[in-house]
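Beneath this line is the structure, given in structure tokens, with notes to follow.
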Amino acid sequence: MTARLPRRTVRLRLTLWYGCLFLPSGTALLGITYGLVVRATGGIVFAGYDGNYGIVTPGSPHHVNDVGNSTTAGIGPPLSAHQAQLLAQRSQAQALHQHGAELHALLVQSGIALAIMAACSIALGWFLAGRALRPVRTIITSARRISATSLHERLALAGPQEELRELGDIIDALLTRLEASFQAQRQFIANASH
């Protein structure tokens, strides 16, 4: 047994178009935001124990500038230059790791937010497409109801003068001509039978 696909309606197509418009624009917005965050946090500044500052740039080789003799800020014996260098490199590696973890978390959370907003935009698109196509359902229902014995009925769509109301007015004019034609035919048959 094969699964039936949903009927391809205008409402479904409009909803998919809304989703297809939202998804790339939302993805582009998140990409731009991610790029701005990376750029804004691209240099990690930290102070060494000797008060000198080092700048760590993600993607650059682990290099610490201006690390000289350091102490442990009065706690314990002073550090040798080699120990200070190792401590600074460990701090730099930790800062880079933390920066990468935060960027990854930002990317994951942005992806989740995009998925949630895409689902919301599809649901909202379905609702809005239904509202926009309501006059079409009115036209369909009324046109099915009208028959040769009820040609005096009209769609009489209300609302702004736009394409769907224009279609309703054209159908009303067609019904007027059909009613006149049927009346002329009945009159002819009545006259011919006398």
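The values are calculated or read from the model by the stated rules, or taken from the named source; none is laboratory data. If you're wondering where the values come from, they're calculated on a predicted model, not measured in any experiment. With ideal geometry, Cβ positions are generated from the backbone for all residues, glycine too; neighbour counts draw on all protein chains shown.
Starting from residues that are over 20 Å from the mean Cα position of the chain (by Cα) and at pLDDT below 90, keep the ones in region 104-140 and report whichever is nearest to residue 36 (Cα to Cα).
Applying the first criterion (over 20 Å from the mean Cα position of the chain (by Cα)) to region 104-140 yields 104-105, 133-140.
With the extra rule that they be at pLDDT below 90, the set shrinks to 133-140.
Working: 133: 41, 134: 43, 135: 45, 136: 46, 137: 47, 138: 49, 139: 51, 140: 51 Å.
In this case the residue turns out to be 133.
For region 160-194, what are the residues that are surrounded by 11 or more Cβ atoms within 10 Å (Cβ to Cβ) and either among the β-branched types (Val, Ile, Thr) or assigned to a loop (DSSP other than H, G, I, E, B) (or both)?
170, 171, 176, listed by residue number.
Of everything in region 105-148, what is in contact with a Phe, Trp or Tyr (Cβ under 8 Å, 6 or more places away or on another chain), under 20 Å from residue 160 (Cβ atoms) and among the polar types (S, T, N, Q)? Give them in sequence order. Steps first, answer last, please.
So in region 105-148, the residues in contact with a Phe, Trp or Tyr (Cβ under 8 Å, 6 or more places away or on another chain) come out as 106-107, 110, 117-118, 121-122, 124-125, 128-129, 148.
From the residues that got through so far, the ones that are under 20 Å from residue 160 (Cβ atoms) too are 128-129.
Within region 105-148, none qualify.
Which condition does residue 121 not pass, out of (1) part of a helix (DSSP H, G or I); (2) outside the structural domain of residue 24 (by TED's automatic domain parsing); (3) surrounded by 13 or more Cβ atoms within 10 Å (Cβ to Cβ), if it passes all the others?
The single condition residue 121 does not satisfy is (2).
Can you say whether residue 89 is loosely packed, with under 15 Cβ neighbours inside 10 Å and of a type outside the set (A, V, I, L, M), as far as the supplied structure shows?
Numbers: loosely packed, with under 15 Cβ neighbours inside 10 Å: no; of a type outside the set (A, V, I, L, M): yes.
No.
Could you tell me whether region 145-159 includes any residue that is outside the structural domain of residue 18 (by TED's automatic domain parsing), modelled with pLDDT under 85, within 22 Å of residue 10 (Cβ to Cβ) and among the polar types (S, T, N, Q)?
no
Conditions: (1) of a type in the set (A, V, I, L, M); (2) modelled with pLDDT of 55 or more; (3) over 30 Å from residue 164 (Cα atoms). Residue 47 meets all but one. Number of the miss?
The failed condition is (2).
Could you list, ordered by first residue, the pairs with Cβ atoms under 8 Å in which the first is in region 144-172 and at positive phi and the second is among the acidic types (Asp, Glu), at least 6 apart or interchain?
So the pair list comes out as 156/172.
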